Amino acid sequence: MQCLTICSNLGVSVTMLESILDDLVLSEEEFRLVSDLVYQHCGINLHDGKRELVRARLAKRLRALNIRSFTEYIQFAVNDPTGNEFTTLIDSLSTNLTSFFREIQHFDFLYNSFYPSLIRRKKESGRLRIRAWSAGCSSGEEPYTIAITLLDTLQGQGHWDVKVLATDISTKVLALAKAGRYDARRVDPLTPQQKQKYLVPVRHNGQTEYEMAHSVRELVLFGHLNLMEEWPIRPPVDFIFCRNVMIYFDKPTQQKLVNRFWQLLDEGGVLFTGHSESLTGIEHKFQYVQPTIYRKA
């Protein structure tokens, strides 16, 4: 941790140190150690094709901490009594790509098929309660989109008890999601009417940004969650979005996760997966609806 001082005494500049870190080689043993730690913690399968990604992302952390070897950093992260550095390690290796109304076919299905059926069933039962889960919510666009579609659909249909649980393993992106502030480019997929109803323009650093309105925020509950651990979620849940998350898991982990989703969902509930994900090769009880959409029959 005193590397910067030592390097200065030896005449090594910060620029030279950064160059050294950029040239660091992540050994096979170090890569396997990181891969095993991450897999055991959260089920993410870092195969050999991810080796350069791991090296590049962890090298940035080594630079920030003035640590000069991956072995030293791994030991530091594992032995940190607060657990904060191990969380940062996981954050560094998590990939977060999202947008409002991403994979629009899912929201078309909600609007045109699932919501009408769900609302009819709820009214018949007399229980006007809807629960949704965005599992892997990243920076918040997905759960906020779900909330917006529910507000659009339920307008004028009485008082409903609606909550969207939004979870992620990355504390970094959860902080962004909770802030709920986006630049103009990121909110572009919303219609003009949705922007007017659900966004609040604010000035920040001379630029106009947009915060989610209270009507949207009050529907969404954010929380840190490792999908491999216990879920503090009470069934039944009406639908679950777990998109572009399972691609990082091996087949046994995917199967375990999919069947836990099935147990949590209500009868007629739906699971949405990512466009590059399939339940092929996984034993499950879901009924296929259309690509990446599965129903608990």
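The values are calculated or read from the model by the stated rules, or taken from the named source; none is laboratory data. If you're wondering where the values come from, they're calculated on a predicted model, not measured in any experiment. Cβ placement follows ideal geometry from the backbone for every residue including glycine, while neighbour counts extend to all protein chains displayed.
Among the conditions (1) at pLDDT 85 or above; (2) under 27 Å from Leu176 (Cβ atoms); (3) among the basic types (Lys, Arg), the only one that Arg51 does not satisfy is (2).
Quick grid of which residues meet (1) outside the structural domain of Ser125 (by TED's automatic domain parsing); (2) β-branched (Val, Ile, Thr); (3) assigned to a loop (DSSP other than H, G, I, E, B):
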site	(1), (2), (3)
Phe241	no, no, no
Asn244	no, no, yes
Val258	no, yes, no
Asp266	no, no, no
His275	no, no, yes
Ser278	no, no, yes
Lys285	no, no, yes
Tyr288	no, no, no
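Table: residues versus (1) surrounded by fewer than 19 Cβ atoms within 10 Å (Cβ to Cβ); (2) over 15 Å from the mean Cα position of the chain (by Cα).
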position: Ile240; (1), (2): no, no
position: Met246; (1), (2): no, no
position: Gln254; (1), (2): no, yes
position: Val258; (1), (2): no, yes
position: Trp262; (1), (2): yes, yes
position: Ser276; (1), (2): yes, yes
position: Thr280; (1), (2): yes, yes
position: Glu283; (1), (2): yes, yes
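Taken together, the residues in the range 190-230 that are surrounded by 14 or more Cβ atoms within 10 Å (Cβ to Cβ) and part of a loop (DSSP other than H, G, I, E, B) amount to 7. Ser138 fulfils the conditions (1) closer than 30 Å to Ser35 by Cα; (2) in a helix (DSSP H, G or I); (3) outside the structural domain of His41 (by TED's automatic domain parsing) except for a single criterion, (2). Listed by position, the helices (runs of 4 or more DSSP H) enclosed by the range 32-99 that each have at least 2 residues that are surrounded by 17 or more Cβ atoms within 10 Å (Cβ to Cβ) and in contact with an Asp or Glu (Cβ under 7 Å, 6 or more places away or on another chain) are 51-65, 70-79. Against the numbered list (1) among the polar types (S, T, N, Q); (2) buried (at least 20 other Cβ atoms within 10 Å of the Cβ); (3) at pLDDT 95 or above, Asn112 comes up short only at (2).
Here is a yes/no grid of residues against (1) farther than 13 Å from Phe241 by Cβ; (2) surrounded by 13 or more Cβ atoms within 10 Å (Cβ to Cβ); (3) in contact (Cβ under 8 Å) with a residue 60 or more places away in the chain:
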residue: Ile119; (1), (2), (3): yes, yes, no
residue: Arg131; (1), (2), (3): no, yes, yes
residue: Ser134; (1), (2), (3): no, yes, yes
residue: Tyr144; (1), (2), (3): no, yes, yes
residue: Gln155; (1), (2), (3): yes, no, no
residue: Lys163; (1), (2), (3): yes, yes, no
residue: Ser170; (1), (2), (3): yes, yes, yes
residue: Val187; (1), (2), (3): yes, yes, yes
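In the set (1) touching a Phe, Trp or Tyr at 6+ places or on another chain (Cβ under 9 Å); (2) within 16 Å of Gly136 (Cβ to Cβ), Asn226 fails one condition alone, (1). Based on what the data block shows, is Ser99 within 25 Å of the chain's Cα centre (by Cα), in contact (Cβ under 8 Å) with a residue 60 or more places away in the chain and under 30 Å from Ser27 (Cβ atoms)? Considered against the rule, which asks whether it is within 25 Å of the chain's Cα centre (by Cα), in contact (Cβ under 8 Å) with a residue 60 or more places away in the chain and under 30 Å from Ser27 (Cβ atoms), Ser99 comes out as no.
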